[in-house]
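Here the structure comes first, spelled out in structure tokens, and everything after it is commentary.
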Amino acid sequence: MMNQQRREFIKKTAFGVLAGFGAASGLVPAFSLEKTILPVWDETPVSGKIRWGMLIDTRKCKKDCQICVTACHHEHNVPHFKTRKDEIKWIWKNSYKNIFPTATDQFVTSDVLNRSFLALCNHCVDAPCTRACPTEATFKRWDGIVAMDYHRCIGCRFCMAACPYGSRSFNWQDPRTAIHDPSLAYPTRQQGVVEKCNFCSDRLVRGLQPACLEACPEQVFTFGDLNDPQSDIRMLLETTVTMQRKPELGTKPSVFYII
Amino acid sequence: MKNSKLFWTITIFSFVLFGLFNLFRQGEAETPKVPAPPQVAIDSTKCIAPADSMRANHMQVLYKWRNSSVRTGHRVHVAANGSRFEKSLNTCLGCHDNKLFCFNCHMYANVKPKCWNCHLSPMETP
Ligand code: SF4
Ligand code: SF4
């Protein structure tokens, strides 16, 4: 175990030195558009090997805290429109009754009723949105992420009707008019496409964890590979009782909640 | 001459730093939660194909790049001569850093590609 970790570290440090040289000698472009962070994945990933998942410990989540929401929306240039109709959201908070409307428990504790619950795209295994999409703009990736290929989206909004969790938002207006603090880390969208949480696939490819997880001061999130029995998330799922949103629909969400 | 001195100073300095880092890291190594991507030597000092063929075919190249990187996750382009590039607009624009590189021709030919509807165009970056 220890040896493996040290190997990883040495590999990384050695690469850091090389990268330093690269920048000094002009090999790596010092271009500040959407930042390219090397190294990148070399091979076509094996489909189905990894299944990314997230566990949200709602006991630790502070009711009025919006830190993760702000971090995500800033990083991904999610526009901030004031009206309900135009609202775009990748991750948001709501009450127990709204997030788990079909939960059958009768006497929910007042503590739970008072908490706020995070919601985001569940990256469902059997994702109804991918079946509804006529252009395959919404598709299941090799690593379990339900991704949007914005290049292909025609804005028909079938996926929004299909998603049982309200995870998707439509750009009725040009989103760029409502991005007040643009980030160079990710492109924007354009008017007429649907958007949603991408499980930070842009960060995973750089070896980083999701932005919400990194921003949260209360360690509410656990992120990891659901196919790996040794991962933190699987260990927690093994030892804790968890819930999913509308499990009865059979979409098999990859986002789990500790209540 | 000056360059080779600088080179050696940097080399030696890096190795010393590297050593120090490892000393301090002994106790507190942590497992990375998300696997670090394997390293690929990426060279952005030359074009991926001769200028003539790029002038005629860059749209097809970009189309293939966006499909294979977004949809299959294959993010490295291997050129005919074996050199490797990340499939990214940044790979192109890192070298062609004249802000009007795309716009000059596109305006002349009156073509309106949609790239910059979402991606930040060179005109919009500092
Ligand atoms: S939560 Fe909605 S948008 Fe996300 S994968 Fe499931 S059906 Fe699709
Ligand atoms: S709005 Fe876009 S992503 Fe959604 S179903 Fe239509 S084409 Fe697919």
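So what's the net charge close to A:ARG189: Lys and Arg +1, Asp and Glu -1, counting the other residues with Cβ under 11 Å from its Cβ? All intermediate terms of the calculation are to be shown ahead of the outcome.
On the way: positive: A:ARG176, A:LYS196; negative: A:ASP174, A:GLU195.
Around A:ARG189, the charge tally is 0.
Which ³J(HN,Hα) values, rounded to whole Hz and listed in residue order, are derived for segment A:80-86 from phi using the Karplus coefficients 6.51, -1.76 and 1.60 in 6.51 cos²θ - 1.76 cosθ + 1.60 with θ = phi - 60°, glycine and proline given as x?
Ordered by residue, 3J(HN,Hα) equals 10, 8, 7, 7, 4, 5, 8 Hz.
Where Rh is the Kirkwood radius over the Cα pairs of segment B:51-118, the temperature 20 °C and the viscosity 1.002 mPa s, what D in µm²/s does Stokes-Einstein return? Show your work: numbers first, answer last.
Working: Rh = 13.2 Å.
Result for D is 162 µm²/s.
First measure r as the distance between the Cβ atoms of B:GLN60 and A:ASP111, then evaluate 1/(1 + (r/R0)^6) with R0 = 45 Å and state the FRET efficiency to the nearest 0.05.
Numbers: r = 59 Å, r/R0 = 1.31.
The calculated FRET efficiency here is 0.15.
Between B:HIS106 and A:ASP181, what is the label-to-label distance in nm when each label sits 7 Å out along the Cα-to-Cβ direction?
Taking the simple label geometry, B:HIS106 and A:ASP181 are separated by 3.0 nm.
Could you tell me which of rounded, prolate or oblate describes segment A:52-258, using a ≥ b ≥ c as the square roots of the eigenvalues of the alpha-carbon gyration tensor, with rounded for a/c under 1.5 and, failing that, prolate when a/b is larger than b/c and oblate otherwise? Spell out each step's value before the answer.
Details: a/c = 1.39, a/b = 1.34, b/c = 1.04.
Rounded, because the longest to shortest axis ratio a/c is under 1.5.
Starting from the 7 Å offset along Cα-to-Cβ, what nm value, one decimal, do you get for the label separation of A:ASP174 and A:GLU43?
Roughly 4.5 nm, to one decimal.
If you filter segment A:66-151 for trypsin sites (Lys or Arg not before Pro), then keep DSSP loop positions with at most 10 other Cβ within 10 Å, what is left? Mind showing how you got there, number by number?
Numbers: sites: A:LYS82, A:ARG84, A:LYS85, A:LYS89, A:LYS93, A:LYS97, A:ARG115, A:ARG131, A:LYS140, A:ARG141; in loops: A:LYS82, A:ARG84, A:LYS85, A:LYS89, A:ARG115, A:ARG141.
Here the trypsin sites (Lys or Arg not before Pro) that fit, given the DSSP loop and packing criteria, are A:LYS82, A:ARG84, A:LYS85.
Taking the Kirkwood radius as the inverse of the mean 1/r across Cα pairs, report the Rg/Rh of segment A:182-259. Don't skip to the end; give the middle numbers.
Values: Rg = 15.1 Å, Rh = 15.0 Å.
That ratio is 1.01, to two decimals.
Every number here is computed from the coordinates shown, using simple stated rules; none is lab data. Note that the coordinates shown come from a computational prediction; the quantities given were computed from them, not determined experimentally. Virtual Cβ from ideal backbone geometry, glycine too; neighbours counted across all protein chains shown.
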